[in-house]
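So the structure is just underneath, and the comments pick up after that.
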Amino acid sequence: VDILLAAMEWAIARDMQVVNLSLGTTKQEHQPRFERVMARAAAAGVIVVGAREVSGRPVLPGCLPSAIGVRLDGECPRDRYRCSRSDSLPTFFASGYPRPIPGVPPEDNLNGISFAVANMTGFVARAREAFPGASLEDLIEVLQRESEMGS
């Protein structure tokens with residue numbers, strides 16, 4: 001957790017636009033520390049994309065309202081994503097598969113939440129490029145509209 005928080009601080013200090021966190025922790029006792037760093041990220045305009053949950057357990061910092069939280073959707077094509085507001089936070093769903101490997105069936109390729117977060121980070125980066133000054137809330141609205149249109 002210390003290394004992850006230090007890496008996030010490093011990204012904030014270097015004015016990163018979008019940060020892909022295909023990792024995190026399910027240890028909720030670290031939530032206050034992540035909330036402080038995520039507040040600094042939001043104030044600096046840094047968008048953090050992370051896993052919302054793994055095996056039904058919330059993952060920090062992706063489960064925080066100041067992150068773009070991603071969940072795995074095994075049926076989602078890689079060139080699309082979807083958004084749900086079934087709970088109080090918007091949750092983005094993306095494919096958990098990397099690009100295909102010739103001659104390897106998709107089910108035999110690596111897959112999982114890390115790929116879903118990476119895939120969604122690409123969509124976030126594209127939206128950030130189109131709307132460079134957008135706040136997190138505005139960027140989420142853009143992403144939601146895009147998902148309704150079929151990204």
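The values are calculated or read from the model by the stated rules, or taken from the named source; none is laboratory data. Everything numeric in this text was worked out from a predicted model, so none of it was measured. FYI the Cβ positions are ideal-geometry reconstructions off the backbone, even for glycines, and counts take in every protein chain you see. Surface areas here come from the heavy atoms of the whole protein model, side chains and all, with no ligands, DNA or RNA. Shrake-Rupley method; radii C 1.70, N 1.55, O 1.52, S 1.80 Å.
Assess whether Ala67 counts as being closer than 21 Å to Glu129 by Cβ and modelled with pLDDT of 95 or more. Steps first, please.
On the way: closer than 21 Å to Glu129 by Cβ: yes; modelled with pLDDT of 95 or more: yes.
Yes, satisfied.
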Cβ pairs under 6 Å, 6+ apart, first in region 16-30 and farther than 16 Å from Asn119 by Cα, second open to solvent by 40 Å² or more (accessible area, probe 1.4 Å) and not in a loop (DSSP other than H, G, I, E, B)
Thr26/Arg57
Residue identified as modelled with pLDDT under 90 and within 21 Å of Ile140 (Cα to Cα) among Ser86, Ser95
Ser86
Going residue by residue through region 47-54, is there one that turns out to be open to solvent by 60 Å² or more (accessible area, probe 1.4 Å) and acidic (Asp, Glu)?
no
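Just give me the residues in region 13-50 being of a type in the set (Gly, Ala, Ser) and either more than 12 Å from Pro65 (Cα to Cα) or assigned to a loop (DSSP other than H, G, I, E, B) (or both), in sequence order. Working first, answer last.
Residues of region 13-50 that are of a type in the set (Gly, Ala, Ser), as a first pass: 13, 22, 24, 39, 41-45, 50.
Result: Ala13, Ser22, Gly24, Ala41, Ala43, Ala44, Gly45.
Evaluate region 21-39: report whether one residue or more is out of contact with any Leu (no Cβ under 8 Å at 6 or more places or on another chain) and closer than 16 Å to Met120 by Cβ.
Step one: of region 21-39, the residues out of contact with any Leu (no Cβ under 8 Å at 6 or more places or on another chain) are 22, 29, 32, 36, 39.
Narrowing further to those that are closer than 16 Å to Met120 by Cβ: 22.
Yes: region 21-39 contains one or more residues that are out of contact with any Leu (no Cβ under 8 Å at 6 or more places or on another chain) and closer than 16 Å to Met120 by Cβ.
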Quick check on my filter: what residues within region 129-146 are assigned to a helix (DSSP H, G or I), closer than 25 Å to Gly24 by Cα and open to solvent by 20 Å² or more (accessible area, probe 1.4 Å)?
Leu136, Glu137, Asp138, Glu141, Gln144
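Check whether at least one residue in region 55-63 is loosely packed, with under 15 Cβ neighbours inside 10 Å and within 24 Å of Met16 (Cβ to Cβ), and report yes or no.
Looking for residues that are loosely packed, with under 15 Cβ neighbours inside 10 Å and within 24 Å of Met16 (Cβ to Cβ), one finds none in region 55-63, hence no.
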Which numbered condition in (1) modelled with pLDDT under 95; (2) assigned to a loop (DSSP other than H, G, I, E, B) is the only one that Gly62 fails?
(1)
When restricted to Arg71, Arg78, the only residue open to solvent by 30 Å² or more (accessible area, probe 1.4 Å), under 24 Å from Met8 (Cα atoms) and outside any helix (DSSP H, G or I) is Arg71
If you scan region 44-71, which residues turn out to be within 9 Å of Val117 (Cα to Cα), β-branched (Val, Ile, Thr) and without any contact (Cβ under 8 Å) to a residue 60 or more places away in the chain?
Val70
